[in-house]
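Report on the structure given below.
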Protein chains: 2
Amino acid sequence: MNAFTLRDKLRYQPDKMAKVDLVASPRLMTGLNCFEPGQAQKVHAHAGADKLYIVVEGSGEFSVGPEKRRLAAGDLLHVPEQVEHGVVNTGASRLAVLIVIAPNLHKP
Amino acid sequence: MNAFTLRDKLRYQPDKMAKVDLVASPRLMTGLNCFEPGQAQKVHAHAGADKLYIVVEGSGEFSVGPEKRRLAAGDLLHVPEQVEHGVVNTGASRLAVLIVIAPNLHKP
């Protein structure tokens, strides 16, 4: 059974956001993005794939198009394909986010 | 911005598992399945779509093919397309699970 305890998979690194891959199929990929305070994921967009962010621990500032909002553990955000989005850990604590991208643009 | 605080969206009903829709696009759908103690989601499979379960509160017994495992809040489970799966809330507390299905079989 392909199951994970998310808190056991969190990994942080001092120089930049850490990415942890969990599952990849042709239909979706999921993993963790882990941000030390001050770390960011630059604004970008995915052509042909939607994204979900689910905040696992901490909080941060999420941008979708022209909007910005602070989201915290237990919040979910949907980003449609083609829409620019990014994350900044503006807080004093670590931020971990589960991401889901569908379909998987790097089909295994 | 299409964001939700998951704990604010939980909804339970006495007769059967409650479903709460959150997001639907052609590429994915996501929502909550909420189980009172003893409630279940019968074993079923999705042709052409993968599923993720992310446990939001409580714990329950998850089956994937012939395997069964108890998963609790903070755990993630991947079910590939065509594989039979189901959930039973065997515990004494409420169980809430975020589900993601990709692609969306009922394309909006």
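What the table below lists for this structure:
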| read-out | value |
| --- | --- |
| For B:T5, inter-copy label distances in nm, listed shortest first [label point 7 Å out on the Cα-Cβ vector] | 2.8 |
| Chain A residue with Cβ closest to the axis mapping A onto B, distance in whole Å | A:A102, 2 |
| Inter-copy label distances at B:T90 (7 Å, Cα→Cβ; nm, one decimal) | 4.6 |
| Cα-based Rg and Dmax for chain B, where Dmax is the largest Cα-Cα distance (Å) | 13.2, 40 |
| Chain A: calculated mean residue ellipticity at 222 nm from DSSP helix runs of at least 4, using -39500 (n - 2.57) | -500 deg cm²/dmol |
| Listed residue pairs exceeding 27 Å between alpha carbons, taken from A:K16/A:K107; A:K9/B:K107; B:K9/B:K51; A:K9/A:K51; A:K42/B:K107; A:K51/B:K107 | A:K9/B:K107; A:K42/B:K107 |
| Label-point separation, B:R70 to A:E84 (7 Å along Cα→Cβ), nm | 4.9 nm |
| Rg(Cα)/(2.2 N^0.38 Å) for the range B:41-93, N = residue count | 1.09 |
| Estimated distance in nm for a label pair at A:A92 and A:K19, the labels positioned 7 Å out from Cα along Cα-to-Cβ | 3.2 nm |
| Kirkwood Rh and Cα Rg combined as Rg/Rh, the protein assembly as shown | 0.95 |
| Magnitude of the charge dipole, chain A, Cβ model with Lys/Arg +1 and Asp/Glu -1, debye to 20 | 160 debye |
| log₁₀ of I(q)/I(0) at q = 0.18, 0.23 Å⁻¹ - the range B:65-106, Debye sum with one point per alpha carbon | -0.66, -1.01 |
| Separation of the B:R11 and A:H44 label points, Cα + 7 Å toward Cβ, nm | 3.6 nm |
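Computed from the coordinates by the stated procedures, all read-outs in this text should not be read as laboratory data. Predicted model only: the values in this text are computed from it and were never measured. Positions of Cβ are generated from backbone atoms using ideal geometry, with glycine treated the same way; all protein chains shown enter the neighbour counts.
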